[in-house]
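What follows is a set of notes on a single structure, which appears directly below.
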Amino acid sequence: MSSVLYDVPGPRAIARNRILAVVTVAVVAAVVGFVVYRMAATGQFTADKWYVFTFTNVWMSIFKALGQTLGAFALAAVLSLALGFVLAIGRLSEHAWVRVPVTVLTELFRAVPVLVFMMLLYYGLPVLGVRMDPYWAVVLGLMVYNGSVLAEALRAGIESLPKGQREAGYAIGLRKSGVMAFILLPQAIRAMLPVIVAQLVVTLKDTALGFIITYPELLYYAKLLSSQQGRPILQSAFVIGAIYIAMCLILSGVAKWLEIRTRHSPKLKGYTPGADDDPRVHDGTVTEVIAMQRGGGKFDAGGVGPTL
Amino acid sequence: MNVIFGNLDLWGEAIGNTLLVFFVGGIIALVLGIIVGAMRVSPVPIARAVGTVYVNLIRNTPLTLVFFFFVFGYPQLGLPDLSNTVLGILAIGIYTATYVAEVLRAGISTVPVGQAEAARAIGLPFGQVMTLVILPQAFRTVVPPMMSVFIALLKNTTVAAGFSIAELAALRATINDAPDRPGNPMEVLLWVAVVFVVLVMVMSTIQRHLENKWRIVR
């Protein structure tokens, strides 16, 4: 992508690049080598440390924990999408008595850290006499935060549509709800789909926060495992980490694929400024750039927001 | 109000620790992020590959897991002891660095191709193309999303609470586990939320201000 930044390298540049490549490899090898050396020196590769992973029971429990993680993620994703739509439409309302409270609410939800919100639900509510299951604390915490972030993304998508779309909708006799449902939202969703999926990746990652409020998901199980025979702390972190990374990579892959497909879709040419030759379009799911293009300079904590 | 004035010492310590994690973690993230961002646009394929792997790997790992590796995993390696706070700062710095790198890379690609081409046409070498033409323009577009990254970093410091680092989100446990401290969990957490809302609002105000000041009309 950045080949415009430099010429095709000549003999001197090639030599310099080779030296830089060697230096990079050396530094990376040194860091990785040191960690592996320390691991070997402290006996992390001995069979004893990996012993617990030979049990079927352990793997069954890992799958159960994975189910807990995915269960929280699935419900949180659906609920946050629903909340996102409600908040986005509320914020675009023509009535101030709807718009103002929804705006305040959205900004508030975005400003409070997800973990603090989960803690409020889990540790705070019992003070008022409401006991809340950790599962619901995780789901509601994720719903509120990601819902408000998605709302901002959808709003940016709707506001970036040409005014003519709305006017044409009214001209053919649709009501406000019809214009929103049949004209604006479908286009906004299509345009913001990569951002929405990228935010779902964040939701998935944030389910790991449930660990802190004792929701028995994957990471919680990793902690549990690390007190088993042989104390396999690093080992369980590696195994569980691999599962998380695999899940997130798959979802990120979907986001990237959607983005590439969206960029080449003829249906979107209408309002994607110079879709193909726009230098701002680049490969990778960088939501800021999308927000930048769609929202005309409205930068939302959104894409990078969460745990980030 | 008792929950604040009865525990003033704890609040001071907690806010101090949150800001410590935020600023030191932010500096680490910025330095590491600039290096990785530079690697990702460099002409050396291996450096690009290393940068890409680093960014993709860490971005797809939950922050809580990164903390897990540093706070629980590091002591297993038999290296010199580091306090949980130091390890937490390293974890959050390394995690946030990937977002800094991505913002920088995105910023560089927002500069129109013609700018780089023109700079090369008048014979500037790579170093000058970057420092005189691309980076000054990229910097302006980068500042607002960079502020978003730091707002997120501030909110992410709460994750440290799960790893016995005495910052704001850990305050609930500290106050409620002590027998004679005033305040119930709800009060403590609501005030913590208020502190975060205020801090985030201050940062978004700065962000808006900078955005208006440095906006480029193209």
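Miscellaneous remarks
- For segment A:179-231, filtered to residues that are touching a Pro at 6+ places or on another chain (Cβ under 7 Å) and away from chain B (no Cβ under 11 Å), the residue that is surrounded by the most Cβ atoms within 10 Å (Cβ to Cβ) is A:215.
- In segment B:73-86, the residues that are without any contact (Cβ under 8 Å) to a residue 40 or more places away in the chain and not hydroxyl-bearing (Ser, Thr, Tyr): B:73, B:75, B:76, B:77, B:78, B:79, B:80, B:81, B:82, B:86
- Selection status of residue B:101, closer than 15 Å to residue B:34 by Cα and either in a helix (DSSP H, G or I) or not hydrophobic (A, V, I, L, M, F, W, C) (or both): yes
- Hits in segment A:110-126 - residues which are facing chain B (nearest Cβ under 7 Å) and either closer than 20 Å to residue B:203 by Cα or not aromatic (Phe, Trp, Tyr) (or both): A:111, A:112, A:113, A:115, A:116, A:119, A:120, A:124
- Boolean, residue A:43 is more than 9 Å from every other protein chain (Cβ to nearest Cβ) and on the phi > 0 side of the Ramachandran plot: yes
- Each residue in segment B:58-93 was checked for being part of a helix (DSSP H, G or I) and more than 7 Å from chain A (Cβ to nearest Cβ), and 18 of them qualify.
- Each residue in segment B:159-204 was checked for being free of Cβ contacts under 8 Å to residues at least 40 places away in the same chain and within 24 Å of residue B:28 (Cα to Cα), and 4 of them qualify.
- Of the set (1) buried (at least 17 other Cβ atoms within 10 Å of the Cβ); (2) modelled with pLDDT under 90, all apply to residue A:57 but (1).
- One residue stands out in segment B:179-194 among those that are within 11 Å of chain A (Cβ to nearest Cβ) and not hydrophobic (A, V, I, L, M, F, W, C): the one that is surrounded by the fewest Cβ atoms within 10 Å (Cβ to Cβ), namely B:184.
Each row is one residue, and each column tells you yes or no for (1) crowded, with 20+ Cβ neighbours inside 10 Å; (2) over 25 Å from residue A:199 (Cα atoms).
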position	(1), (2)
B:116	yes, yes
B:119	yes, yes
B:128	no, yes
B:139	no, yes
B:155	yes, no
B:171	yes, yes
B:177	no, yes
B:196	yes, no
B:201	no, no
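- Of the listed requirements (1) in contact with a Gly (Cβ under 8 Å, 6 or more places away or on another chain); (2) within 11 Å of chain A (Cβ to nearest Cβ); (3) surrounded by fewer than 22 Cβ atoms within 10 Å (Cβ to Cβ), residue B:99 misses just one: (3).
- Residue list for segment A:99-153, restricted to those being farther than 27 Å from residue B:147 by Cα, touching a helix residue (DSSP H, G or I) at 6+ places or on another chain (Cβ under 8 Å) and in a loop (DSSP other than H, G, I, E, B): A:131, A:132
The values are calculated or read from the model by the stated rules, or taken from the named source; none is laboratory data. Predicted model, so just to flag it, every value in this text is computed and none were measured. As a convention, Cβ positions derive from the backbone with ideal geometry for all residues, glycine included, and neighbour counts pool all protein chains shown.
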